[in-house]
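To keep things clear, I will list the structure first and then write my remarks on it.
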Amino acid sequence: LPVVFNLVCLSCLPHKEMRFLQSSLPFLFLLIAPTLSKYFTSLQRMLEVIFVVGNVCGALFLSLVHQRGVVDAALFIGSSGAELTLKGDGVELLQLMPCHSTPLYSHIHTNISTRFLECTPNLQNDESYREEADIFYADPESWLQNNFSQDSEKPDLIMYFDVLTPTIKRYLEDYTVCATFFHTMFPEGKVGSHVVIRAKKSLATLACDNRFIDGSPRIFRDIVNMFKAVVKI
């Protein structure tokens with residue numbers, strides 16, 4: 001009953017995350033253990049192997065491959081961000097991504113001014129309130145024009161998902177690609193398959209060399225690509 005009550009309460013929350021269920025997992029395991037113990041020994045052993053292998057493979061894929069691009073990009077900005085432009089330290093970075101997409105200063109650890117699309121809670125219960133991220137994605141070009149109308153106001157670096165490129169291509173004419181990072185094999189909506197970092201053409205250095213970075217183990221990429229090919233067939 002406590003487990004069911006906890007699940008019902010979590011289901012009623014407007015904001016849901018898988019990690020909220022972690023406190024209930026030990027109790028759920030206790031509930032299913034008696035049923036699993038009744039299976040024949042051979043079947044029980046097979047279920048155990050499937051459970052262990054499935055969880056280990058899933059954990060490795062989600063930790064090393066899926067949606068790793070934002071972490072790699074943040075680490076790259078922290079280690080090489082100052083080298084991408086002539087300004088050096090004190091460079092300004094604009095992140096045009098959904099809220100909480102990147103780990104920010106927990107991975108950057110350097111003197112870089114960062115602006116990102118905000119999702120501040122509507123604490124005043126204003127019916128006309130809209131999050132900045134929603135306003136941007138409704139009309140990206142207008143938002144950029146309103147916030148960076150003068151060339152001097154434009155950020156030195158821009159980080160965004162590749163799916164945004166066609167929408168803001170005119171704004172990107174003043175920027176050159178420094179690096180592209182693999183992010184996910186399953187792009188969806190506002191989240192693309194790659195993360196792109198660009199620098200102002202007038203400030204870009206030789207370190208801004210349009211490199212492609214994919215830190216994920218190749219074996220996982222090959223397995224997923226093979227699976228996707230089979231599904232298409």
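Worth a mention:
- When segment 128-159 is limited to residues that are part of a helix (DSSP H, G or I) and under 21 Å from the mean Cα position of the chain (by Cα), the one that is surrounded by the fewest Cβ atoms within 10 Å (Cβ to Cβ) turns out to be 138.
- Within segment 20-73, being among the acidic types (Asp, Glu) and open to solvent by less than 70 Å² (accessible area, probe 1.4 Å) holds for one residue alone: 72.
- One residue from 64, 60, 94, 117 being closer than 28 Å to residue 153 by Cβ and touching a residue at least 60 places away in the same chain (Cβ under 8 Å): 94
- Any chance residue 123 is among the aliphatic types (A, V, I, L, M) and either free of Cβ contacts under 8 Å to residues at least 12 places away in the same chain or open to solvent by 70 Å² or more (accessible area, probe 1.4 Å) (or both): yes
- Helices (runs of 4 or more DSSP H) wholly inside segment 1-118 that include at least 3 residues being hydrophobic (A, V, I, L, M, F, W, C): 2-12, 25-36, 41-64, 69-80
- Per-region count, segment 74-83, residues over 17 Å from residue 191 (Cα atoms) and open to solvent by less than 60 Å² (accessible area, probe 1.4 Å): 6
- When segment 160-210 is filtered for residues that are at negative phi, part of a loop (DSSP other than H, G, I, E, B), open to solvent by 10 Å² or more (accessible area, probe 1.4 Å) and small (Gly, Ala, Ser), the ones remaining, listed by number, are 193, 202, 207.
- Search result, residues across segment 84-109 that are surrounded by 14 or more Cβ atoms within 10 Å (Cβ to Cβ) and under 18 Å from residue 199 (Cβ atoms): 84, 85, 87, 91, 92, 93, 94, 95, 96, 97, 102, 108
The values are calculated or read from the model by the stated rules, or taken from the named source; none is laboratory data. Every value quoted in this text rests on a predicted model; they were computed, and no experiment measured them. Reconstructed Cβ throughout: ideal geometry from the backbone, glycine too, with neighbour counts over all protein chains shown. The accessibility values were calculated without ligands, DNA or RNA, using every heavy atom of the protein model including side chains. Shrake-Rupley method; radii C 1.70, N 1.55, O 1.52, S 1.80 Å.
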